[in-house]
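Just below is one structure, and these are the notes that go with it.
The values are calculated or read from the model by the stated rules, or taken from the named source; none is laboratory data. Worth saying up front: this structure is predicted, and the values here are computed from it rather than measured. Heads up, the Cβs are rebuilt from the backbone with ideal geometry, glycines too, and the neighbour counts pull from every protein chain shown. For the accessible areas, the whole protein counts, side chains as well, though only heavy atoms, and no ligand, DNA or RNA atoms are used. Shrake-Rupley method; radii C 1.70, N 1.55, O 1.52, S 1.80 Å.
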Amino acid sequence: MTQEGGWSKAGETAGAGRTVVLIHGMWSRPHVWQNFRHFFEARGYRVLTPTLRHHDIEPWMSPDPELATLSLLDYADDLEAEIRTLDEKPFLVGHSMGGTLAQILAARGLARGATLLATAHCAPIVVLAPVVASIFVREMMLTPFWRWAQIPSYRAMRKGVLNGFNERDARNLYATLIPESGRSFFELAFWYFDKRKAALVDPARVTCPLLMLTGVDDRLTPLSVARRTAEHYGSKARLEALPGHAHWLPGETGWERIAERTARFFEVEAQHIEIETGATEAAPELEPLFV
């Protein structure tokens with residue numbers, strides 16, 4: 001795993017509790033965090049923007065063949081190794097699949113607090129929303145799709161992921177995207193067939209507060225899914241709906257308000273929320289939670 005730009009100068013003098021890790025999602029790279037990175041650096045944070053394994057390519061380049069079969073657990077393990085080199089437990093901000101990775105890391109006790117932007121769900125949540133399935137019809141027709149690195153068509157992404165942008169900006173953003181692991185998509189969408197249950201998060205093991213921010217117009221990770229995910233964590237999670245926003249929250253118009261809300265959560269609210277954990281060595285229940 002690599003990181004874009006290394007440590008910031010502002011981060012070198014950041015005080016305790018002023019480290020934030022920004023985790024990108026599917027088809028994406030750390031450049032999506034440019035706005036957030038500058039925002040938090042100006043606020044005195046040390047900012048880390050890791051690149052998920054084999055995502056350090058340009059859109060016109062062929063991905064490493066290994067990308068196709070990378071697991072969520074591969075990504076999470078890489079992030080854990082990076083976080084454990086730090087001198088303090090960081091705050092996490094995850095977008096989409098990066099939100100699921102942040103949940104996994106929070107369950108490993110590696111976060112001071114986490115903000116989940118348009119987060120993908122975790123197991124045991126089962127998403128049956130037709131609009132979500134319709135976005136990926138072409139991808140799921142490729143058999144076995146979990147062995148291929150792929151990127152949805154512009155038409156599909158415009159419909160379900162980039163609907164918060166005008167046509168010009170949507171096309172420009174789509175041109176920056178790269179293929180994603182078919183296996184990681186499988187682990188999220190069809191976790192009940194995954195022998196390792198890579199997407200499973202035991203809420204009892206989450207040791208920090210979670211703020212979930214989801215756009216009212218998000219079609220990929222709609223509010224119905226976000227509500228179910230928040231319920232999975234009970235009092236540890238707070239869900240807030242964002243009118244006028246869709247899925248690509250780090251770059252949509254109004255991202256400043258989202259960054260401000262995230263900073264306020266880290267600097268004020270997360271400092272005063274006591275988390276009770278009941279983690280045991282027993283595996284969590286796998287009763288599906290349908291949406």
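To the nearest 10 square angstrom, what accessible area does Arg205 show with a 1.4 Å probe?
Ignoring ligands and nucleic acids, Arg205 comes out at about 80 Å².
In square angstrom, rounded to the nearest 10, how much accessible surface does Arg219 have for a 1.4 Å probe?
We get 100 Å² for Arg219.
With each label point set 7 Å from Cα along the Cα-Cβ vector, what nm distance links Arg196 and Arg84?
Result for the modelled spin labels: 1.6 nm.
Around Arg84, with a cut-off of 15 angstrom between Cβ atoms, what is the net charge of the other residues, counting Lys and Arg +1 and Asp and Glu -1?
-3
What do you reckon, how do Glu269, Glu167, Glu231 stack up by accessible area (1.4 Å probe), largest on top?
Putting Glu269, Glu167, Glu231 in descending order of accessible area: Glu231, Glu167, Glu269.
Of the heavy-atom accessible surface of segment 200-276 (probe 1.4 angstrom), what whole percent is carbon and sulfur?
Accessible surface attributable to carbon and sulfur in segment 200-276 totals 47 percent.
From the backbone phi of segment 35-44, what are the Karplus-calculated ³J(HN,Hα) couplings (6.51 cos²θ - 1.76 cosθ + 1.60, θ = phi - 60°) in whole Hz, Gly and Pro given as x?
4, 5, 4, 5, 4, 6, 5, 5, 8, x
So what is log10(I(q)/I(0)) for segment 50-117 at q = 0.15, 0.18, 0.22, 0.23 1/Å, when the Debye sum runs over its Cα atoms only?
-0.51, -0.70, -0.95, -1.01
Taking only the alpha carbons of segment 165-259, what extent do you get along each of the three principal axes, in Å, biggest first?
42, 31, 21
Quick one: which residues, 5+ away or cross-chain, put their amide H under 5 Å from the amide H of Thr51? H built at 1.01 Å from N.
Under 5 Å from the amide H of Thr51: Thr2, Gln3, Glu4.
From largest accessible area down, sort Lys236, Lys159; use a 1.4 Å probe on the protein chains.
Lys159, Lys236
Which FRET efficiency, nearest 0.05, do Arg147 and Trp60 yield, Cβ-Cβ r, R0 25 Å?
After rounding to 0.05, the efficiency reads 0.65.
Given a 1.4 Å probe and the protein chains all in place, what does the accessible area of Trp146 round to, in Å² to the nearest 10?
100 Å²
Please find the FRET efficiency linking Asn172 to Arg257, where r is the Cβ-Cβ separation and R0 is fixed at 25 Å, and quote it to the nearest 0.05.
0.65
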